[in-house]
1. If a residue must be more than 22 Å from G85 (Cα to Cα) and either modelled with pLDDT of 95 or more or more than 24 Å from the chain's Cα centre (by Cα) (or both), how many such residues does region 218-235 contain?
2. Being of a type in the set (D, E) and modelled with pLDDT under 85 narrows it down to one of E115, E108, E135, so name that one.
3. Give the residues of region 553-571 that are of a type in the set (V, I, T) and modelled with pLDDT under 85, sorted by residue number.
4. Which of (1) open to solvent by less than 40 Å² (accessible area, probe 1.4 Å); (2) under 28 Å from V391 (Cβ atoms); (3) outside any strand (DSSP E or B) is the odd one out, the single condition H273 does not satisfy?
5. Hey, among I292, I282, which residue is open to solvent by less than 50 Å² (accessible area, probe 1.4 Å), farther than 30 Å from M204 by Cβ, at pLDDT 90 or above and not in a loop (DSSP other than H, G, I, E, B)?
6. Look through L82, L60, L89 and report the one residue that is under 23 Å from the mean Cα position of the chain (by Cα) and modelled with pLDDT of 90 or more.
7. Checking the structure you have, find out if any residue of region 98-108 is within 26 Å of the chain's Cα centre (by Cα) and among the aromatic types (F, W, Y).
8. Just checking, which of R380, R394 is touching a Gly at 6+ places or on another chain (Cβ under 8 Å) and charged (D, E, K, R)?
Amino acid sequence: MTNKRKTLSSKLEEDNSPRLEEDKIQIENKISIGDDKNYQKKETNSIEGFDDFGFNKSILNSLDKKGYKNPTPIQKESIPELMLGRDLLGQAQTGTGKTAAFALPLIEKLNKNKEINAKVLVMTPTRELATQVAESFKSYSSESDDIKTVAIYGGTDFRSQIISLKKKIDIVVGTPGRIMDHIRQGTFKIDKINCLVLDEADEMLKMGFLEDIEWIIDKLPEDKQMVLFSATMPNEIKIIAKKYLKDPAEIKIKSIKKESQLISQKFINIQRHFKLEALRRILEINNEGVIIFVRTKSLTTSIAEELEIAGHSVAVLNGDIPQNQRENTVDRLRKGFVNILVATDVAARGLDVDRIKLVINYDFPFDAETYTHRIGRTGRAGRTGEAILFVNRREKHFLKNLENSTKNKIDELEIPNNKIINEKRMDKLTNDINSSFKLKERDNDNKALMIDILDTLKVKYSLNEEQIAMAAINLAIGKKPFFTNEDETWIFKQNNFERERSNKNSNNRIRSSNRRSNYQNSGFETFKFNVGKSNRIRVANIISSICLATNINGRTIGKIQIFNDYSLVDLPKNLHTETKQKLKNLKIRN
């Protein structure tokens, strides 16, 4: 029997029908849509608080305990549609409250119908995001009667998940691979699922989960509500929506730019061999709640070691870290035991920690979507944050592309010099002493002890109060020199060089670019890979696969041409035999 359903890969090549309009917001007051006939939707502009949605008392109590007062724009637009039972296609950046946007109305519906096991399935791209979404469901339903949520993902005990799934479960949150495992084993019954949520759909596609997602959707009941949320809206997402969603409400939050403006975005001109020194100087100014994004797993370790030597509390997050250790690392970051996290993109996707105030792009992101997800780790839910991007000379034109894609101006930031660092150290020392004094003033238990110590120093050692204070400050400073006097000429030379380059006329820039291009081409060798447009391969997929599988630096990769059935990539000549063997066995998007 021929399957009449087209796969998405063939659909991508053949689809010539009009695309979904990204900025269209369909909000229709149709009570006949969906399975909740008693819900009367209000106009968006009349919604002020969560009680305007008609939630039951248990949900409102949970929100009140969490301190939630007013819904965010994505919640105002999405909740009424989901309460009506409509399918929904939503676009909003991470950190805008979209988890609550789909969780709250689904919990409301579960409260009304509790006899079916496992009614809601939420798919996420990473284990970390699955855990966070599951915890959000538990938190929002904490006052509700007998609503159970379970998270299932790889890297944890399969048997314990089976035991959990055998119980009455209302909400299952998981990664596509582990969900498929349980469905195949028959340990997860999905015939009663009446709602599927795809969270961070663009990330799932980038990670190669398309076939897994389609396999799971085809196994689910035909009559179900589908919700698809994505931070970006590439063409593949629109095609998935067109294929599986039925008359969806389409919501694109116009405040995306406004939300991103809460994040101060800067770039630093930096040559590759000065990046680590520039990183040290930045962390002198801001070193609490920081994520540093790098491209390779080995680099996470080497940078973390250097920062530990410099005295920072730092941890690593990459794909080689076992799941239980990853969860422990995130928990330590959240509680303040770790201040700096060095991570790869895959390991940090879905990471949601309120303490993150600064994101440093140590390695340039592959594309605008990666950059959006990286900086989205800070400035979440209305809070402010800061993002710094390291840019070398060859990456300057990528910076312009990034600004055009994100519609945000990224201003230049100068590397902190010795004067700025020394002023920061002095401010921190005086603030710490002042804070310590105020704290100890309230510490009556130790007050008597401190008075005894002061009396002993005055009587036994004949020290006056000024000498005692100087000695205490000396102890606080330690043995290392307090003020830095390191060589900083490289900072000024680099800044001056960049200014001189920017002052050259466009003709000179074009000529030098052509000479540089001709020189580089002479040092390249072309490799052919038997994957192309028919495999939904992008330039970013090729670069990331090569960098992760070999020791080739992404900046040394030359021209990339993607054809229908194959791709041509210019790589440096005279590669090591072992590297060439790895390229022969290279997998791109699995």
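The values are calculated or read from the model by the stated rules, or taken from the named source; none is laboratory data. What you see is a predicted model, and the numbers here were worked out from it, not measured in a lab. Here the Cβ positions follow ideal geometry from the backbone for every residue, glycine too, while neighbour counts run over all protein chains shown. Surface areas here come from the heavy atoms of the whole protein model, side chains and all, with no ligands, DNA or RNA. Shrake-Rupley method; radii C 1.70, N 1.55, O 1.52, S 1.80 Å.
1. Here the count works out to 0.
2. Just a single option satisfies the conditions, and that option is E115.
3. Taking region 553-571 first, the residues of a type in the set (V, I, T) are 556-557, 560, 562, 569.
Within region 553-571, T556 is the sole residue that qualifies.
4. Condition not satisfied by H273: (1).
5. Values: I292 fails: farther than 30 Å from M204 by Cβ.
Of the residues listed, the single one that is open to solvent by less than 50 Å² (accessible area, probe 1.4 Å), farther than 30 Å from M204 by Cβ, at pLDDT 90 or above and not in a loop (DSSP other than H, G, I, E, B) is I282.
6. From the options L82, L60, L89, the qualifying one is L89.
7. For region 98-108, residues within 26 Å of the chain's Cα centre (by Cα) and among the aromatic types (F, W, Y): present.
8. On the way: R394 fails: touching a Gly at 6+ places or on another chain (Cβ under 8 Å).
From the options R380, R394, the qualifying one is R380.
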